[in-house]
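The values are calculated or read from the model by the stated rules, or taken from the named source; none is laboratory data. Given the structure is predicted, the values throughout are model-derived calculations rather than measurements. Here the Cβ is made from the backbone with ideal geometry for all residues, glycine too, and neighbour counts use every protein chain on show. The accessibility values were calculated without ligands, DNA or RNA, using every heavy atom of the protein model including side chains. Shrake-Rupley method; radii C 1.70, N 1.55, O 1.52, S 1.80 Å.
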Amino acid sequence: MIVFATVGTTSFNTLVSSLCSLPSLSAMAAAAKTSRHRSCSTSLLSCSSSLPLSSGAGDSGGDNIVVELVIQYGTGTCPLSFLPPSLKQHSLGGTDKHEIDDCDEGSTLLLIPTSSNNSAQEYHRLHVKWYRFQPSLVHDMERAGIILCHAGAGTLLEALAISKPYDINTIQLQRPIINAVINISLMNNHQSELAEELQRRRHIHVTWDCISEWTTDVEAKRFWKNLDGFCPVPFVGSDRSAQRGKSCFQRNVDDVMGVNIICEPEVNDLAKDKKDS
């Protein structure tokens, strides 16, 4: 399962710290075993296959699911500083330790204890990658099965435009599940209006308080269960607005907000009808 989290061009430490909490990471890793978004890149599997899955006998081998979590954290605090110190970390860069003061971009592999009844402790493997900015987020959005993002209009509508090649079995376009996190600290809570409308249309799932929903064991498990069961309604742009030469962002905003602007041919027809009458 590949999860992509993005906060945009500023900071959203509440989202990042809540996501990196032990309950959130544990629930995410556990949910991956039954998730509809279990796909994982070959390179990730190969780079982590030599790492331990258990502390002794009883290793379940291939039953342990690798989760890839990619975090774009903007101008905020490096995710590494929020990761639980109790978790075993294995650097994928050849060293066993990252320097927090120089962690604009990096990765680590976490071994998260499972709730297995076996005598030997077993672990889920969760690969965490982070960076501040990239020229484009499209690549990471296209790879992800789940997108966790702030509720900015640009990010939401860019994510909604993502679609993957047809699935051979279902003959349907594959789209990621989008979960928007409302940043209530922003001026007048201005992100909520668009997110509410998109949620009402079942295009996205919305988290209103990530601290309460992600940082306790019970609520984190409920969140990931609900998210995996969410079936979004495809977001389709307006063909007529595309003919007006508008950008994808403009078209999507007009569609979501219900703006119906008469295009130029229709204006000419109306003027002609008025003249004839």
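Key figures
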| quantity | calculated |
| --- | --- |
| Accessible area (Å², 1.4 Å probe, nearest 10) - Glu196 | 90 |
| Two-site FRET efficiency, Thr9 against Val218, from Cβ-Cβ distance with R₀ of 25 Å, rounded to 0.05 | 0.15 |
| Efficiency of FRET between Arg201 and Thr77 - r from beta-carbon atoms, R0 30 angstrom, step 0.05 | 0.35 |
| Residue-by-residue Karplus 3J(HN,Hα) for the stretch 74-83, coefficients 6.51, -1.76, 1.60, Hz, glycine and proline x | x, 8, x, 7, 4, x, 4, 6, 9, 5 |
| Solvent exposure, largest accessible area first (probe 1.4 Å, DNA, RNA and ligands not counted), of Phe82, Phe223, Phe133 | Phe133, Phe82, Phe223 |
| Integer Hz, Karplus 6.51/-1.76/1.60 couplings in order for the stretch 135-144, x for Gly and Pro | x, 8, 9, 4, 4, 5, 5, 5, 6, 7 |
| Amide H within-cut-off set for Val181, under 5 Å, with H built and near neighbours excluded | Cys149, His150, Ala151, Thr207 |
| Phi to ³J(HN,Hα) by Karplus 6.51 cos²θ - 1.76 cosθ + 1.60 over the stretch 219-231, Hz, x for Gly, Pro | 5, 5, 5, 5, 4, 5, 5, 5, 5, 5, x, 6, 10 |
| Sorted peptide list for 106-114, 144-152, criterion being average Cβ within 10 angstrom, highest first | 144-152, 106-114 |
| Where labels lie 7 Å past Cα in the beta-carbon direction, separation of Trp208 and Gln121 in nm | 3.8 |
| Amide proton proximity set for His124, modelled H, under 5 Å, gap of 5+ | Ile112, Thr114 |
